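Peer 1: Dropping the structure in here first, questions after.
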């Protein structure tokens, strides 16, 4: 028994000794494994947290490189090559004397593409933690202490945008860079800077900030503002000031400027969010990117890929190795169906108003002009705006940044042609049917209460489709909508593309016939019949609908990129019956040619034109006197063969216009035939 107790005691003692040893070992174990420390270090690089990186270094490394020098070297290299998404994969951890050697592979995304290489890191244990022994070779294995990383860039050329006749609308060309040579400002330095500020719009404070930069010497050219190459008057005024120097520079040039601002759009330097979104597409922090219009829509094709080479040089400036290289690639040129002459002519007609024009060849779907006013000059964005200039543009109550031809609007009486076509196609009415009412005010029955449909003028003759269009009779088309019925009416609108996104390079608002309440009453259905109610139509979609009256009932798909094959693409076949479409076309010709037609002033010698006037009231209710009125005129020629054109025109706030919005637009459109 005694011996047994002795044995048990010995066992307990051994267990206690082992526990103590294990405890000591555990207490002296590092908090992190070597590979974990290395992963943490590289995660800090992705976060650009260079101070935290420095804290992972061993004492001996900190003695050999100061925190300031460490941060400067790492920051200059990693950010200079636009590194991101750095990843390492630890392959092996080897004991070497009192150190741990970690072998790993590394990859990173840079401005010249992805760099991949194998490397080794050494870690030592200090105060129960592993610390990294650092040298420049931890950045790249070939990078010695006195070696440097260099980036060579060969700029690619962004693709040009041209019109149908080869006229350049947007291209990489020459602009002027205005700058100051500080040492030549003369004795009247403050006065001269003030004058430069006045002419360029750059604040005195900003100019002084540029001039006080650490790199600036007396003979340094300090860029202040970019201006158009042909802005000779401004440049001549600036050159009268001592210290001003103007150099040629490369920049995006827009030949039509304001005339096609919303259509072509503009480019600017990529921002941080865009750079993150497109990190795998080869953009760098200095890349230009399309911000609006077709510059944005065709960005993937227009954009150039800069040629970039990242390489290492030794202390004597001799190249050691190339780390990554990306070849230069120019962007694709894109030719549009747009006719610059038509675009310019209609812009100049409409530039003092809020409005839009869509011009299309109805036989092919080629868009010849897309105008939205007021607008902006695309060149202003690429040359650079001051804060005051941007605020003035952004806060302008006329909304020059608002692109009207991509929106949707109440079409007013121009919609009557569509209601008539639906009525004929569904068999709900016949062209010769006389509805038999009289007067300029009508309601179905007393269940409508105080609501009545009114029309502007009375007329003699039958209340049929032809006269309804000639006189733009609201009552006729309200009754037509009621005869069609809500179900057939909405089904027919769905058939011709309402509530569907029209495929187009620019995102177009979808046309709609109801809001959240739907067409839930006879009054709303009646209003919808003459283009009021909740009817909203995108003008490019409207051009396609009106093309069906030209093409025997088939809606043609609008397009804007030029192609040699003019074979039209049918967007919706048999949108209306052939008989209905041709009846509407003939009646719309009479709207222009009949002396009583609302568009009689659109007549042009030798040209057969079908057209429809329209006025859309934007009143919230009968007591609304503040909301504006839209004036519309939609028309197409029918005897010009391949030169036939279809025009959708709208102008806002015509309630105070003595001759009405439609006739105001007619005068503008007629200039196309002069």
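Peer 1: Please work out the C-alpha center-to-center distance from the stretch 135-162 to the stretch 465-482 and express it in whole Å.
Peer 2: When both Cα centres are located, 71 Å separates them.
Peer 1: Distance from the Cα centre of the stretch 191-251 to that of the stretch 534-549, in angstrom?
Peer 2: Centre-to-centre (Cα) distance: 50 Å.
Peer 1: Using only the alpha-carbon atoms of the stretch 234-319, report the extent along each of the three principal axes, biggest first, to the nearest angstrom.
Peer 2: Sorted from largest, the Cα extents of the stretch 234-319 read 50, 43, 20 Å.
Peer 1: Another one. Considering only C-alpha atoms, what is the centroid distance from the stretch 35-84 to the stretch 353-421, in Å?
Peer 2: 51 Å
Peer 1: Same structure, new question: In degrees, nearest 10, range 0 to 90: what is the angle between the Cα axis of helix 474-484 and the longest Cα principal axis of the chain?
Peer 2: With both axes taken from Cα atoms, the answer is about 70 degrees.
Peer 1: Here's something else I'd like to know. What ranking do 562-575, 51-64 get when scored by the average of other Cβ atoms within 10 Å per residue, highest first?
Peer 2: 51-64, 562-575
Peer 1: While we're here: Given N residues in the stretch 111-215, what is Rg(Cα) / (2.2 N^0.38 Å)?
Peer 2: Expressed relative to 2.2 N^0.38 Å, the Cα Rg reads 1.99.
Peer 1: Once R0 is set to 60 Å, what does the formula 1/(1 + (r/R0)^6) return for the Cβ-Cβ distance between residue 93 and residue 230, expressed as a FRET efficiency to the nearest 0.05?
Peer 2: On the way: r = 66 Å, r/R0 = 1.10.
Efficiency, rounded to the nearest 0.05: 0.35.
Peer 1: Need one number: the % of Cα-Cα pairs in the chain sitting beyond the 34 Å mark. Intermediate results must be reported in sequence, preceding the final value.
Peer 2: Numbers: 138997 of 226801 pairs.
Cα-Cα pairs of the chain separated by over 34 Å account for 61 percent.
Peer 1: Using Stokes-Einstein with the Kirkwood hydrodynamic radius over Cα pairs, what translational diffusion coefficient do you get for the stretch 161-335 at 25 °C and a viscosity of 0.890 mPa s, in µm²/s rounded to a whole number?
Peer 2: Answer, rounded: 128 µm²/s.
Peer 1: While we're on this one: By how many nm would the segment from residue 517 to residue 653 grow when fully extended, if each residue of separation counts as 0.36 nm and the alpha-carbon distance is taken off?
Peer 2: Numbers: separation 136, 0.36 × 136 = 48.96 nm, distance 2.72 nm.
Taking 0.36 nm per residue and subtracting the Cα distance, the gain is 46.2 nm.
Peer 1: Provide the packing ranking of 455-464, 477-486, 105-114, i.e. peptides ordered by the mean count of other C-beta atoms within 10 Å per residue, highest first.
Peer 2: 477-486, 105-114, 455-464
Peer 1: May I ask you to derive the relative contact order of the chain, considering only C-alpha pairs under 8 Å and at least 6 residues apart, and to give it as an integer percent?
Peer 2: Taking the mean separation of contacting Cα pairs over the length of the chain, I get 11 percent.
Peer 1: Highest mean first, what order results for 136-147, 643-654 on Cβ atoms within 10 Å?
Peer 2: Per-residue Cβ counts within 10 Å, averaged per peptide and sorted highest first, yield 643-654, 136-147.
Peer 1: If you don't mind, there's one more thing I want to ask. How do 258, 516 line up, fewest other C-beta atoms within 10 Å first?
Peer 2: With the sparsest Cβ surroundings first, the list reads 516, 258.
Peer 1: How far is helix 2-28 tilted, in degrees, relative to the longest principal axis of the Cα atoms in the chain, given as a value from 0 to 90 rounded to the nearest 10?
Peer 2: In the chain, helix 2-28 runs at an angle near 60 degrees to the longest axis.
Peer 1: Taking other Cβ within 10 Å of each residue's Cβ, how do 442, 134 sort, fewest first?
Peer 2: Ranking 442, 134 by Cβ neighbours within 10 Å, fewest first, gives 442, 134.
Peer 1: Evaluate the distance, in nm, between pseudo-label points positioned 7 Å from the Cα of residue 191 and of residue 639 along their respective Cα→Cβ axes.
Peer 2: 7.2 nm
Peer 1: In nanometres, what is the gap between the two model label sites at residue 137 and residue 391, each 7 Å from Cα along Cα-to-Cβ?
Peer 2: About 5.7 nm separates the two model spin labels.
Peer 1: How much mean residue ellipticity at 222 nm does the chain get from its helices, if each DSSP H run of length 4 or more adds -39500 (n - 2.57) and you divide by all residues, to the nearest 500 deg cm²/dmol?
Peer 2: -9500 deg cm²/dmol
Peer 1: Radius of gyration and Dmax for the stretch 343-384's Cα atoms, expressed in Å?
Peer 2: Expressed in Å, the Cα Rg and Dmax of the stretch 343-384 come to 12.6, 42.
Quick note: the coordinates plus some simple rules give every number you see, no bench work behind them. Model, not experiment: these values are computed from the prediction. We place every Cβ from the backbone using ideal geometry, glycine too, and count neighbours over all the protein chains shown.
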